[in-house]
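To start, the structure itself, in structure tokens.
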Amino acid sequence: SVNFVDGVLGPAPTRARIKVKADDASGVTRVLVTYSGGQSQWQSKELTYNAAAQVWAGDIPATAQTRYFVQAVDGAGNVTADDNKGSYYPLLPPLPLAQGASFPSGNVYLPVVTKR
């Protein structure tokens with residue numbers, strides 16, 4: 001089963017990062033993302049497993065008009081597809097960087113910690 005799908009345009013608007021979380025009792029052996037930039041031509045790319053994050057991830061060439069769906073294959077050869085209920089997934093824009101907190105001018109007093 002496919003539990004989570006996320007696609008975000010990169011800082012350069014020509015690439016996107018796709019992440020998929022999928023699981024199965026027999027193990028997931030392969031995850032593909034199939035994408036189109038709005039034309040009638042579709043392309044597929046195999047994602048790689050990131051064991052530290054426990055997601056399948058990869059980059060695809062993309063624009064804001066790119067739509068995609070994912071397919072996962074389990075250890076028994078069964079295939080499932082997640083196409084966002086027939087609407088295909090859109091790519092999200094990258095999140096803006098958070099603004100840091102600004103301190104008022106002057107001194108900042110911190111507690112004193114001593115070691116005995």
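Brief remarks follow.
- For the chain, a simple Cβ point-charge model (Lys and Arg +1, Asp and Glu -1, everything else neutral) yields a dipole of about 520 debye relative to the Cα centre.
- Using a probe of 1.4 Å on the protein chains alone, the accessible area found for ILE18 is around 0 Å².
- Residue order by solvent-accessible surface for VAL112, VAL55 is VAL112, VAL55, largest first, with ligands and nucleic acids left out and a 1.4 Å probe.
- Heavy-atom accessible area for PHE4, with the other protein chains in place and a 1.4 Å probe, reaches approximately 100 Å².
- Summed over the residues of the chain and divided among them, the accessible surface reaches 71 Å² per residue at a probe radius of 1.4 Å.
- Sequence-ordered 3J(HN,Hα) estimates for the range 46-56 from the Karplus curve with 6.51, -1.76 and 1.60 and θ = phi - 60° stand at 7, 8, 10, 8, 9, 5, 5, 8, 6, 9, 8 Hz, glycine and proline given as x.
- Here the calculated FRET efficiency for SER1 and ASP83, from their Cβ-Cβ distance with R0 = 22 Å, stands at 0.95, rounded to the nearest 0.05.
- Residues ASP23, ASP83, sorted by accessible area with the largest first, give ASP23, ASP83 [1.4 Å probe; ligands and nucleic acids excluded].
- Alpha-carbon centroids, the range 28-73 and the range 1-27: separation in whole Å: 7 Å
- Note: the chain, Cα convex hull, 190 Å³ per residue.
- Result for the chain in a Gaussian network model with C-alpha springs under 10 Å: among GLN71, GLN39, GLN99, the largest mean-square fluctuation is at GLN99.
- Once backbone amide H atoms are built at 1.01 Å from N, ARG30 has VAL73 as its partners under 5 Å, excluding neighbours fewer than 5 places away on the same chain.
- Proportion of all alpha-carbon pairs of the range 56-99 beyond 17 Å (%): 52 percent
The values are calculated or read from the model by the stated rules, or taken from the named source; none is laboratory data. Since this is a predicted model, take the numbers as computed values, not measurements. A quick note on method: Cβ atoms are made from the backbone with ideal geometry, for glycine too, and the neighbour counts reach across all protein chains shown. Side chains are part of the model used for accessible areas, which takes the heavy atoms of the whole protein and leaves out ligands, DNA and RNA. Shrake-Rupley method; radii C 1.70, N 1.55, O 1.52, S 1.80 Å.
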